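The values are calculated or read from the model by the stated rules, or taken from the named source; none is laboratory data. None of these values were measured; they are calculated from a predicted model. Cβ placement follows ideal geometry from the backbone for every residue including glycine, while neighbour counts extend to all protein chains displayed. Side chains are part of the model used for accessible areas, which takes the heavy atoms of the whole protein and leaves out ligands, DNA and RNA. Shrake-Rupley method; radii C 1.70, N 1.55, O 1.52, S 1.80 Å.
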Amino acid sequence: MFERFTADARMAVVEAQIVARESGSVEIRPAHLLAGLVKTNVPLLAELGISADEVAEEMARARRRGGVSDADAEALTEFGIDVEQIVERVEQTHGEGALAGRLGPAKRGHIPFTSQSKKTLELSLKEAVRMGDKHLGQEHILLALAQQRDTDDVLARRGADYPTLRRAVQQRKAG
């Protein structure tokens, strides 16, 4: 499958591996794929007015909170639960980044993809085929991520839900 990837899409996957390794993860999750894409500056996001820095910052906040997204934190606030206060208390006791802590020893070499990340890459290929493209680019990975739990939320909060992204990709192809 990787032979169909464009150079930018391959670089995004490489960056996802780097992000996973730096965060101490023993597997590459869809959030790592999104972080990898953001690090490679996806033109489609910029065209939609989405700041790669904002996406990266939100993902870093979620990681610090042990995976609790901004949307989840807002929902919990409605029940009187202050996620930031909980994170601060945990960090006071166990140290900075305690909830984001290493999930395993830092690995060298290959880090495997989770089943959800594999599904994301399979969806990317399906998107490319559906659009009649012979290559698999960043835009196809982005479309797949817009359909995955956790990463879809980060994108949708910025107006980049699946239908919006699909329309934008089709308009790019037509224009």
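Taking amide hydrogens as placed 1.01 Å from N in the peptide plane, the amide H of L136 sits under 5 Å from those of F5, T6, each at least 5 positions away in sequence or on another chain.
Classified by the C-alpha gyration tensor, region 19-80 has an oblate form. Its axis ratio a/c, with a ≥ b ≥ c, is 1.5 or above, and a/b does not exceed b/c.
Placing R166, R10, R21 in order of accessible area, with the largest value first and a 1.4 Å probe, yields R10, R21, R166.
In order along region 73-84, phi translates into HN-Hα couplings of 4, 5, 4, 5, 4, 4, 9, x, 9, 9, 4, 4 Hz, rounded to whole numbers, per the Karplus curve 6.51 cos²θ - 1.76 cosθ + 1.60 with θ = phi - 60° and x for Gly and Pro. Taking a straight Cα-Cα cut-off under 19 Å and skipping sequence neighbours fewer than 8 places away in the same chain, the lysines within cross-link reach of K134 are K126, K173. Taking Cα centre as origin and charging only the Cβ of basic (Lys, Arg, +1) and acidic (Asp, Glu, -1) residues, the dipole magnitude of region 24-129 rounds to 820 debye. Cα convex hull, the chain: 113 Å³ per residue, rounded to a whole number. Between helix 115-130 and the chain there is an angle of about 20 degrees, using the helix long axis and the longest principal axis of the Cα atoms.
Once backbone amide H atoms are built at 1.01 Å from N, I28 has F113, T114 as its partners under 5 Å, excluding neighbours fewer than 5 places away on the same chain. Against the chain, whose longest principal axis comes from its Cα atoms, helix 52-64 is set at around 40 degrees.
To test your reading of the geometry: what angle, between 0 and 90 degrees and rounded to tens, separates the Cα axis of helix 162-174 from the longest principal axis of the chain? Between helix and principal axis, roughly 30 degrees. Using the Cβ of D72 as centre and a radius below 10 Å, the other residues enclosed give a net charge of -3, where K and R count +1 and D and E count -1.
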